[in-house]
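The values are calculated or read from the model by the stated rules, or taken from the named source; none is laboratory data. Keep in mind it's a predicted model, so treat the numbers as computed, not measured. Cβ placement follows ideal geometry from the backbone for every residue including glycine, while neighbour counts extend to all protein chains displayed. Note: accessible area is taken over every heavy atom of the protein model, side chains too, but ligands, DNA and RNA are not part of it. Shrake-Rupley method; radii C 1.70, N 1.55, O 1.52, S 1.80 Å.
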Amino acid sequence: MSKRLFLRSMIIIGIALFLMSCQSNETDNLNNASSNDQIENNEPANNQTDNTQRNNSTDKFNEQDNSTEKTQLSEMSTDNWEVETLAENLEIPWSINIHDGTVYMTDRHGHILEIADGEVERNEIDTSNSIEHTGEGGLLGFILADDFSETGLGFAYYTFQSNDNSLLNRVVQVEKQSDGDWTEIDVLLDDIPGAATHNGGRLAIGPDEMLYVTTGDANSPNDSQEESNLSGSILRMTQMGEVPSDNPTEDSYVYSYGHRNPQGLAWNETGELYSSEHGPTAQDEINLIQPGNNYGWPVIEGNQTNEGMEEPLIQSGEDTWAPSGIAFWDNQLLVTGLRGESLYYFNEDEMEMIEVFQGEGRLRDVKYQDGAIYLITNNTDGRGTPQDNDDRLLKLTITD
């Protein structure tokens, strides 16, 4: 082959390779542009890895599950509920517990009720001091121990009269007896200040297995600002009545203070503690509780602020809810209203309280279990207008 012919052949081959490379780049650019367009529109690109496709598919499946299964309480009203009366003619019921299909409740007169299959058993409780039902006092908070099935144990909060005739409250451990009655077997915390009003009284076992207790200011507002005083506080203890080593103040039951009359406790699915609190006439509150913090009463109220004091998540302004028991459903907070005579949903995104059920008068406590809401009315407490067969235990389920 001549030198000229060889050079011509090499030039032709080079040109062919260059043209093939340009065509390949154009194809790649077209594919990349198509892939980017799909990602921009939240669609999986054809050339994504199998793992990415699986993750996207799982995310979409979960979104569909959540939107299908989660009841949106913001869209509910009284007409959306089927209401069943499980018990009636009750005397100022205060606290609801549910265990293996049986509802356990306290009434302020000093009984523990068991309600199952339409039957109501009113059982006595043997206490070291007589339960004093004066004003808002009496047998208030009650919670079953986690191992209740094996031990028959629970915890109660009640008002009693001291030797000098003053009113006090205490937290006790109680045990169910073979005849159905209950016996106080240990005093876990004594001499909590009491009064005819503002006794607090809610008990709850937290996700940390500690026992939490709400106490009112016992009509002595300034005591709520004393960290060493048990009134106007949320207390935290072990189920044996000891001060936990990780409480915010060493050797103190006080978990938070500066409260007026907190009556509700509930934890969301991330373990944050919420509490409801009665304000002075109005300015009721829902608070997010942080250990050791001061919630301001009586120095601040409503939307007032002060350095070192916590503002509520929401407060009622000039309206009155008189919030009592609270509970979470699908991480949505339900709140019972006494003066408000409604079951509310606290929409935290919009920072508003929405009425989701009303028409039964004063509501004291709420529990959620297995797709149903359990409520107790409090129309016989001296401040309500009793209807026929009040007070009642109600079960709410969504109508088809």
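With K and R counted +1 and D and E -1, the other residues having a Cβ less than 13 Å from that of ASP370 yield a net charge of 0. The calculated P(r) of the stretch 104-219, using every Cα pair and 10 Å bins from 0, goes 14, 48, 30, 7, 0 in percent. Using a probe of 1.4 angstrom and keeping all protein chains present, the accessible surface of the stretch 283-331 works out to 44 square angstrom per residue. Within the shell defined by Cβ-Cβ distances under 12 Å, the residues around TYR255 carry a net charge of -2, with Lys and Arg each +1 and Asp and Glu each -1. Taking square-rooted eigenvalues a ≥ b ≥ c of the alpha carbon gyration tensor, is the stretch 313-400 rounded, prolate or oblate, where a/c under 1.5 means rounded and, failing that, a/b exceeding b/c means prolate? The shape class here is oblate. Relative to the 2.2 N^0.38 Å rule of thumb, the stretch 145-195 has a C-alpha radius of gyration ratio of 1.31. Note on ASP146: accessible area is roughly 110 Å² with a 1.4 Å probe, heavy atoms of protein only.
Would you mind getting the Kirkwood hydrodynamic radius of the stretch 237-368 from its Cα pairs, rounded to one decimal in Å? The answer is 15.3 Å.
Compute and list, largest first, the equivalent-ellipsoid semi-axes of the stretch 278-334 from the alpha carbon gyration tensor, each √(5λ) rounded to a whole angstrom. Show your work: numbers first, answer last.
On the way: eigenvalues 79, 50, 14 Å².
After diagonalising the Cα gyration tensor, the semi-axes are 20, 16, 8 Å.
Once backbone amide H atoms are built at 1.01 Å from N, SER342 has GLY337, LEU363 as its partners under 5 Å, excluding neighbours fewer than 5 places away on the same chain.
Residue-wise HN-Hα couplings along the stretch 173-187, as the Karplus relation 6.51 cos²θ - 1.76 cosθ + 1.60 with θ = phi - 60° gives them from phi, are 9, 10, 9, 7, 8, 5, 8, x, 6, 10, 10, 6, 10, 6, 8 Hz; Gly and Pro carry x.
Over all pairs of different C-alpha atoms, the stretch 174-309 has a mean inverse distance whose reciprocal, the Kirkwood radius, equals 15.4 Å. Per residue, the Cα convex hull of the stretch 306-348 amounts to 95 Å³.
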